[in-house]
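Chemist: I have a structure here, written as structure tokens, and I will follow up with some questions on it.
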């Protein structure tokens with residue numbers, strides 16, 4: 001404006017030529033930032049003094065603030081895992097994620113090894129605001145699996161003898177615990193051709209322990225008919241939890 005003595009905007013002196021940037025008052029900024037309003041109408045009063053006298057003019061300026069949503073899919077993840085940080089911003093002049101210029105509606109996959117905080121800068125009219133989300137990383141402690149026994153048998157030798165009462169089969173065998181936990185008590189089944197079954201009780205075996213046992217089957221028929229086959233099976237009633245339930249048996253065989 002020309003031929004003026006002074007010009008004021010809301011009481012602040014300004015030049016009569018050119019332009020000046022106007023921004024909302026601090027109180028209005030606080031209201032926008034607190035989310036009380038999405039837009040604020042702020043009045044500006046112009047007062048012009050010239051040789052012709054004083055002229056006043058008023059106008060309203062509407063300040064809007066971007067609508068911002070900023071979140072993370074999983075705020076807690078296992079160490080070494082990934083999650084996604086997302087944002088939806090409407091009405092911003094510029095948006096920055098950790099300093100990188102980004103679109104208003106976008107996302108980033110993040111894989112922090114340690115707890116991390118991510119920042120979104122949103123530039124609106126006259127001010128830029130910061131938003132933060134955090135991702136906490138958890139170290140997963142492997143669940144300790146309880147140890148178990150592993151019972152294994154071996155037939156060491158066997159003999160057969162017969163008399164007037166019938167035949168007897170003498171079986172010598174070993175039972176071992178190859179697991180990483182002691183076993184409770186269990187029963188060993190002992191078998192031979194033409195003989196009644198036999199059973200031997202064991203009070204339990206410590207880790208790595210082996211025990212030599214024997215069983216006499218009979219009187220019965222002659223195991224040699226013509227060949228003789230015997231077998232031993234540990235934990236026949238399934239009393240002991242084991243890593244391998246299929247390796248409990250062993251066999252012996254002699255040609256007659």
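The values are calculated or read from the model by the stated rules, or taken from the named source; none is laboratory data. For clarity, every value in this text was computed on a predicted model and none was experimentally measured. Positions of Cβ are generated from backbone atoms using ideal geometry, with glycine treated the same way; all protein chains shown enter the neighbour counts.
Chemist: For the stretch 182-200: of the residues being part of a loop (DSSP other than H, G, I, E, B) and more than 16 Å from residue 238 (Cα to Cα), which is nearest to the chain's Cα centre (by Cα)? Write out each step before concluding.
Modeler: Taking the stretch 182-200 as the starting set, the residues that turn out to be part of a loop (DSSP other than H, G, I, E, B) are 182-185, 193-197.
Going one step further and asking which of them are more than 16 Å from residue 238 (Cα to Cα), we end up with 193-197.
On the way: 193: 56, 194: 59, 195: 58, 196: 56, 197: 52 Å.
Among them, the one singled out is 197.
Chemist: Restricting attention to the stretch 201-239, and to residues there that are assigned to a loop (DSSP other than H, G, I, E, B) and more than 20 Å from residue 148 (Cα to Cα), which single residue is modelled with the lowest pLDDT?
Modeler: Of the stretch 201-239, the ones assigned to a loop (DSSP other than H, G, I, E, B) are 203-209, 221-227, 235-239.
The next check asks that each one be more than 20 Å from residue 148 (Cα to Cα); those that pass are 221-227.
Numbers: 221: 91, 222: 90, 223: 90, 224: 91, 225: 87, 226: 90, 227: 92.
Per the criteria, the residue is 225.
Chemist: State whether one or more residues within the stretch 141-148 are touching a strand residue (DSSP E or B) at 6+ places or on another chain (Cβ under 9 Å), assigned to a strand (DSSP E or B) and touching a residue at least 40 places away in the same chain (Cβ under 8 Å).
Modeler: Our first condition is that a residue be touching a strand residue (DSSP E or B) at 6+ places or on another chain (Cβ under 9 Å); within the stretch 141-148, this holds for 148.
Now narrow it down to the ones that are assigned to a strand (DSSP E or B): none.
No, every residue in the stretch 141-148 fails to be touching a strand residue (DSSP E or B) at 6+ places or on another chain (Cβ under 9 Å), assigned to a strand (DSSP E or B) and touching a residue at least 40 places away in the same chain (Cβ under 8 Å).
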